[in-house]
Structures are given as structure tokens and as C-alpha cells.
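Read the structure below first, then the notes.
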Amino acid sequence: MRAVAISFAAVIALAASVFSVSAEANSPKIAVIDVQRVFQAMPEREDVSQRLEAEFAEPIQELEQLEAQFEELRERFQRDEAIMSDDEKMQAQEELRQRAMILQRGGEQLNQYMQQRENEERNQLLQKMFEVVDAYAAAEGIDLIMDKGRMLYASDALDISDAIITRLTR
């Protein structure tokens, strides 16, 4: 009976050592990346910013001209209000309301379009970054990469941000 117990203990110890080696070999390799920092370090980001600025320079200038015209009309109305007839006051106020609506609508449309274009460009840059991250993960055998900005804690040893930045700037 004692021999059976010793044999059984030996088998359990052997199985435990095999399973622990096997578990270590099969444990997932995990890394983290600071997506925001990597995105900010992308060299194309500045090019995109300049391109969008040039793309929207004319519409912004046109909107600023409309705003200047509105302010000029408003100041003229305030200055001349005392000498205007009731009809002239009503016409001037109506024109001010219409121009204010046009100005507001134009500003909202421009802001929406600018946001849409910024999102399109940002998504293209993020796609490029994610392709580099995928290639890095495949090359290094990493099973899981998480965004460092969404984690409570991650060891600096797991951070691959610098390696990704290096690959993106090559």
C-alpha cells in the first residue's frame, strides 16, 4: 500500500511539473501601448494638420468676412438707431437676424465638415499605426496588446510604445 501511495505521489508530482512547464510555454505574451503618445509621435500627423489647415483656410476666411460684415451692420444699426424710422429699424433688425442665422449655420456646417475631415485623416493614421502594431505583434509573438491609457496599471516592462514609434518613423 505504501508503495502505491509513493508511486501515486510521484505520478502527481511528475504531472504537476509537466503541466507547469506546459502552462508557462502556453501562457500568452502580453504588451501595452500608449496609443495617444504613439499617435502624437507619428511624423505624418503634422503633415495632415498642415494639409487640413490649408484645406479650410478659404472657408474660414469667408466665414470671418461674413462675421465682419455682420458686426459692421450691427454697429451701424446701434449708431443710427436713434434716427431711424420704425420701418427702417424693423428692416435692419430683420436683416441682422437673417445674417446671424446664416453666420451661425455656416459656422456649424464648417465645424461639422472640419470634424469629419479630421476624423477621416485621424482614422487613416490610426489604421497605419495598427498595421505596424499588428506586424510588430506577429514578429515578436505577442498574443495581446492593450491600450495603456485604458488600464489601471501596467508595468513599464510591458510597454512597447517606443518600439512602435521607432517603426513608424523609419
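The values are calculated or read from the model by the stated rules, or taken from the named source; none is laboratory data. Keep in mind it's a predicted model, so treat the numbers as computed, not measured. With ideal geometry, Cβ positions are generated from the backbone for all residues, glycine too; neighbour counts draw on all protein chains shown.
Quick notes
- Residue check for E118: more than 20 Å from the chain's Cα centre (by Cα), among the acidic types (D, E), within 30 Å of E67 (Cα to Cα) and assigned to a helix (DSSP H, G or I): no
- Out of Y153, Y136, sole residue that is modelled with pLDDT of 95 or more, over 30 Å from F70 (Cβ atoms) and of a type in the set (F, W, Y): Y136
- Restricting M129, M101 to residues that are in a helix (DSSP H, G or I) and touching a residue at least 60 places away in the same chain (Cβ under 8 Å) narrows the list to M129.
- Restricting region 152-161 to residues that are exposed (fewer than 11 other Cβ atoms within 10 Å of the Cβ) and of a type outside the set (S, T, N, Q), the residue that is farthest from P28 (Cα to Cα): L152
- Positions within region 73-94 being in a helix (DSSP H, G or I) and either among the hydrophobic types (A, V, I, L, M, F, W, C) or closer than 22 Å to L110 by Cα (or both), in sequence order: L73, F77, A82, I83, M90, A92
- Residues in region 74-110 that are farther than 25 Å from F56 by Cβ and among the aliphatic types (A, V, I, L, M): 6 in all.
- Here the condition is being under 30 Å from T169 (Cβ atoms) and modelled with pLDDT of 95 or more; of V48, V38, it holds for V38 alone.
- Matching option when the condition is loosely packed, with under 13 Cβ neighbours inside 10 Å, among the β-branched types (V, I, T) and more than 23 Å from S49 (Cα to Cα), among I145, I102: I102
- Here region 154-170 is the region considered, the condition is being part of a loop (DSSP other than H, G, I, E, B) and among the hydrophobic types (A, V, I, L, M, F, W, C), and the residue that is farthest from the chain's Cα centre (by Cα) is A154.
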